There are 2 protein chains.
Amino acid sequence: MTSPQPAETRTQKRSAQTATLAEIAREAGVSAPTVSKVLNGRADVAPSTRARVEELLRTHGYRRRRAESTRSPLIDLVFHELESAWAMEVIRGVENVARDAGLSVVLSESAGRLTPGRTWADQVAARRPHGVILVLSGLDESQRALLTSRSIPFVVMDPAGDPGADVPSIGATNWQGGLAATRHLVDLGHTRIGAISGPTRMMCSRARVDGYRAALETAGLPVDPGLIVTGDFHHEAGYRQGLELLRRPDRPTAVFAGNDLQALGLYEAARELGLRIPHDLSVVGFDDLPVARWVGPPLTTVRQPLMEMAEAAARLVLDLGREDRSSTATRVELATSLEVRSSTAPPREGRDVAG
Amino acid sequence: MTSPQPAETRTQKRSAQTATLAEIAREAGVSAPTVSKVLNGRADVAPSTRARVEELLRTHGYRRRRAESTRSPLIDLVFHELESAWAMEVIRGVENVARDAGLSVVLSESAGRLTPGRTWADQVAARRPHGVILVLSGLDESQRALLTSRSIPFVVMDPAGDPGADVPSIGATNWQGGLAATRHLVDLGHTRIGAISGPTRMMCSRARVDGYRAALETAGLPVDPGLIVTGDFHHEAGYRQGLELLRRPDRPTAVFAGNDLQALGLYEAARELGLRIPHDLSVVGFDDLPVARWVGPPLTTVRQPLMEMAEAAARLVLDLGREDRSSTATRVELATSLEVRSSTAPPREGRDVAG
């Protein structure tokens with residue numbers, strides 16, 4: 001989906017990374033220790049000096065030499081928001097790898113904004129972690145420059161936006177997952193299949209719904225834009241958008257709910273309208289949170305290996321920080337798989353078309 | 001439940017806290033900078049020297065003078081285990097307070113053991129956080145001594161064991177919650193009420209079941225030990241122990257499930273046996289996790305204000321670290337409340353006694 005960065009640009013960047021700390025200091029008109037202080041995120045530097053030094057670090061593409069000994073035994077883990085139940089799976093995965101490596105995990109929340117605040121970047125520079133993992137959250141240019149100049153590696157997990165071709169990332173096969181979910185419903189005989197998308201600013205939402213569309217089109221079924229509604233990946237949105245879909249005179253006999261929480265919201269909407277799952281409505285989720293197995297009926301869903309993805313992200317970021325790094329793949333998508341449970345069934349005879 | 005520490009002991013401890021760093025060094029036969037290194041968790045001290053210094057710090061009750069400036073902008077949050085869904089609520093609460101105070105949260109898991117490992121304590125000493133919050137997890141004597149000598153305050157949230165009268169802690173009114181849950185079932189007309197306890201080594205489990213017993217006894221109902229089974233607060237235990245309870249010839253018409261996850265396991269057991277909730281079986285949980293509202297039928301449960309408890313713990317630990325600390329209450333229990341939803345109803349007529 002992204003065009004890779006032209007090779008020339010990369011080469012230019014690399015050849016520019018030759019300025020020494022002393023040269024930066026000279027150009028900024030400050031002492032070398034002052035530049036060090038800025039690099040270490042120390043508070044005792046005037047804001048204007050700090051800004052000047054940061055700007056020179058950025059334009060020169062300065063990269064601090066990696067020094068294992070000066071790093072703190074920490075990994076930074078930054079969430080877009082901690083509310084979602086699947087954050088726990090991610091935390092566990094990162095915690096597993098961190099523990100084995102003798103590191104602790106520093107948790108931050110970017111509080112719903114898609115890039116963490118400036119203060120956060122300063123704190124990270126000051127505490128010098130082994131690496132930074134961003135979950136559904138990106139970095140702006142200056143934050144990337146700040147981490148790069150300190151040689152603090154970072155990895156984006158399940159990119160919400162389009163992180164750029166040179167940003168290491170771990171994702172899941174969202175498009176394939178949307179395809180598999182919808183094909184399952186088509187194979188059961190459904191022809192009117194709705195979808196509740198996640199927020200459209202997140203690439204993973206778009207990929208899932210594109211997979212849904214591809215399944216319908218390759219099966220020769222029409223894609224009805226009226227059957228595609230947009231939520232925000234939370235339970236409440238699944239409930240509200242679910243009510244909207246199910247109150248249509250030509251309501252769908254099956255819905256791909258975008259994620260598990262929206263699927264649970266849809267369950268509630270169906271209950272409220274007296275529709276039984278799967279007899280009157282088939283539902284497929286996405287994520288396979290623990291709760292998917294516990295609800296009644298247990299939810300058919302696309303399993304996203306969240307814990308394994310988080311483990312892969314943690315291993316990748318630690319590897320990026322090593323002088324003798326082994327891995328070359330810095331954009332990885334782990335496979336999703338369909339878990340068929342009891343929330344899907346063939347449509348009831350004679351009810352396939354009618355409302 | 002614990003007898004408070006005698007006043008004399010406390011006074012003795014306090015008066016012994018007069019040894020200076022130089023005196024500790026002299027007695028240990030090392031230089032003062034070496035003692036500093038030990039206090040700062042630096043690695044370049046021989047293990048035997050380190051042990052000798054730690055022992056002297058402990059016996060002299062040494063307390064480092066609080067120095068705001070040398071602290072890292074961190075709060076340590078330690079979980080017994082991260083698996084449980086309610087860990088997320090706690091993380092969010094601590095994160096809220098930390099963010100407002102400009103601090104980041106370091107997350108650790110004691111991996112199922114009830115006290116975090118020795119390495120953890122060393123890491124905490126080295127990173128000098130503003131404070132430590134332990135969730136369902138205690139500290140052993142040497143870990144407490146280590147934190148105390150570094151003047152790193154700590155608070156235990158929802159104590160699993162018995163933390164000792166002088167350990168600051170935040171809990172919930174577990175006994176009152178068990179009482180309210182069971183009284184609700186008694187008031188509906190149930191007379192055969194089962195209970196699934198959490199692990200008996202956790203005080204909160206015991207308190208809840210004691211509340212259950214008190215409700216039965218004060219209602220003049222017999223307490224049948226055969227109707228009290230023990231789980232581990234996870235879904236699977238609720239399912240297995242639930243099956244055991246429900247397969248009894250004299251099965252209960254209602255069950256207090258100990259927590260929400262066990263209640264969801266019990267839902268599954270009931271589904272498997274063809275018992276409808278609440279028609280054939282009433283269920284009450286404990287915690288009020290978000291999922292309690294989403295399951296079918298929505299779960300009647302005892303709300304434990306987890307996020308508020310975590311916020312209170314974070315505020316308390318930050319307050320304990322201030323020279324001019326204001327709060328005096330260091331053992332707090334926040335109130336629980338019964339949330340009546342759709343999983344409880346009067347027992348069906350004529351089925352009250354029979355299996």
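What the table below lists for this structure:
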item	result
Of all DSSP beta bridges in chain A, antiparallel share, percent nearest 5	10
Relative exposure of B:E236, A:E323, judged by other C-beta atoms within 10 Å (fewest first)	A:E323, B:E236
D_trans [Stokes-Einstein, Kirkwood Rh over alpha-carbon pairs] for the range A:174-304, 4 °C, 1.567 mPa s, µm² s⁻¹	93
Relative contact order (%) - criterion: Cα under 8 Å, at least six apart; region: the range B:223-355	25
DSSP-defined antiparallel bridges as percent of all bridges, the protein assembly as shown, nearest 5	10
Relative contact order for chain B, counting Cα pairs under 8 Å that sit 6 or more residues apart, in percent	17
Which of B:H60, B:H234 has the fewest Cβ neighbours within 10 Å, and the rest in rising order	B:H60, B:H234
Enclosed volume per residue, in Å³, of the convex hull spanned by Cα atoms of chain B	139
Counted charge near B:L289, where neighbours are those whose Cβ lies closer than 12 Å (Asp, Glu -1; Lys, Arg +1)	-3
Positive minus negative residues near B:A310 (Lys, Arg vs Asp, Glu; Cβ under 11 Å)	-3
Shape box of the protein assembly as shown [Cα atoms, principal axes, largest first, Å]	82, 76, 38
B:D122, A:D287, B:D210, B:D44 arranged by Cβ crowding within 10 Å, fewest neighbours leading	B:D44, B:D210, B:D122, A:D287
Cβ-defined net charge surrounding A:I24, 12 Å radius [Lys, Arg +1; Asp, Glu -1]	+1
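Read-outs: derived from the displayed coordinates by stated rules, not from any lab. Remember, predicted model here, so these are calculated numbers, not experimental data. Glycine also receives a Cβ, built like all others from the backbone with ideal geometry; neighbour counts cover every protein chain displayed.
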